[in-house]
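Inspection log for the structure reproduced underneath, given as structure tokens.
The values are calculated or read from the model by the stated rules, or taken from the named source; none is laboratory data. As the structure is a computational prediction, the values presented were derived from the model and not from experiment. Note that each Cβ is placed from the backbone with ideal geometry, even for glycine, and that neighbours are counted across all protein chains shown.
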Amino acid sequence: MTTGKSVCSANNPISQSVVLAIEGSSRFCSVAVGTASGSGPSGGFHLLAEVTADLNRTHAERLLPMVEQTLALAGIGEREITHLAAAVGPGSFTGLRIALAAWKGLAFAWNLPLIGVSTLEAIALQCPARDGVIAPMLDAKMGEIFGSACKISETSGTLETLIPEQAVKPDAFAAKLMELNCPVYALGDGLWRYEAIFREQAPRIVCLPAPFGIPRASMVALAAAKRLKSPPDELPDPSRINPVYLRVSQAEAAKIHQGDTAHDRSC
């Protein structure tokens, strides 16, 4: 488990938006809270506390205690939170459902807006390099990865998509990265699992080691902070924030094969 805390001084009171974020798209579960001014390329985000743990997908039992621990570390009360942010995927079907359902419940209980953030976008924001393409990857199981490629705009600080999010075979994704013909920084557990393939078939890419690429709630909060420039009434209704799976689960694939209809991708 990792924790972090930054204390607000008298010159930096908690007078801005306070974002509570969740990342549950993998075997890791991460909760973070921080302040956001909604201005500047970084969104003006200041991390107050973060708790990240390898729960091996036991998110349901540990999630709420992690929320309490994070808020206690930050010295933040529930009533001080102004926005919620959650990773919506792609990633683990079970982890995404649990985390997003919990945050939807908080959104309705506390009457707060909920911002959905791509898991791959949040991973890409961890990349320390800014001079090339960033390729975040998650292990999608069944011999595939969830991957995308983007670059960070020098003017706005936002991510510009070059390869859209997709479930794809590692060798096919390596070929797509080679077609970009520029420096590529790759990170995430999809890279770690198939690193041999990427080093052989895409020798120009830079493979970033762990802990770069572990899904973190602070990066979800950072991505959400960039969107706080919009008036609150422009943020989506929490009921409309749903998981993005990119493919059906094994159980749903079996149902489709047997002639049944898969679910509508709602939570």
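Some values worked out for this structure:
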| read-out | value |
| --- | --- |
| Test: residue in the range 11-24 that is modelled with pLDDT under 95, closer than 19 Å to G188 by Cα and in a strand (DSSP E or B) | no |
| Counted residues, the range 102-153 - those being among the acidic types (D, E) and buried (at least 24 other Cβ atoms within 10 Å of the Cβ) | 0 |
| Yes/no for A109 being in a strand (DSSP E or B) and more than 17 Å from A224 (Cα to Cα) | no |
| Where a residue in the range 113-128 is more than 12 Å from G91 (Cα to Cα) and at pLDDT 95 or above and its partner, wherever it lies, is in a loop (DSSP other than H, G, I, E, B) and of a type in the set (S, T, Y), with Cβ under 9 Å and at least six apart | A122/S25 |
| Count of the range 204-238 residues which are more than 23 Å from A129 (Cβ to Cβ), surrounded by fewer than 21 Cβ atoms within 10 Å (Cβ to Cβ) and either at pLDDT 95 or above or not hydroxyl-bearing (S, T, Y) (or both) | 9 |
| One residue from L187, L162, L180 being out of contact with any Asp or Glu (no Cβ under 9 Å at 6 or more places or on another chain) and either among the small types (G, A, S) or closer than 18 Å to R27 by Cβ (or both) | L187 |
| Residues (out of contact with any Lys or Arg (no Cβ under 7 Å at 6 or more places or on another chain) and at positive phi) located in the range 132-150 | K141, M142 |
| Residues (within 16 Å of F45 (Cβ to Cβ), out of contact with any Lys or Arg (no Cβ under 7 Å at 6 or more places or on another chain) and among the hydrophobic types (A, V, I, L, M, F, W, C)) located in the range 72-85 | I76, I81, L84, A85 |
| A101, sole failed condition from (1) farther than 19 Å from V51 by Cβ; (2) among the small types (G, A, S); (3) not in a helix (DSSP H, G or I) | (3) |
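To keep it simple, each residue is scored yes or no on (1) of a type in the set (A, V, I, L, M); (2) at pLDDT below 95; (3) surrounded by 14 or more Cβ atoms within 10 Å (Cβ to Cβ); (4) not assigned by TED's automatic domain parsing to the domain that holds A99.
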residue: S39; (1), (2), (3), (4): no, yes, no, no
residue: G43; (1), (2), (3), (4): no, yes, yes, no
residue: A53; (1), (2), (3), (4): yes, yes, yes, no
residue: L71; (1), (2), (3), (4): yes, no, yes, no
residue: I76; (1), (2), (3), (4): yes, yes, yes, no
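For (1) in contact (Cβ under 8 Å) with a residue 12 or more places away in the chain; (2) closer than 20 Å to M66 by Cα, each residue gets a yes or a no:
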{"residue": "L100", "(1), (2)": "yes, yes"}
{"residue": "A109", "(1), (2)": "no, yes"}
{"residue": "G147", "(1), (2)": "yes, no"}
{"residue": "I152", "(1), (2)": "yes, no"}
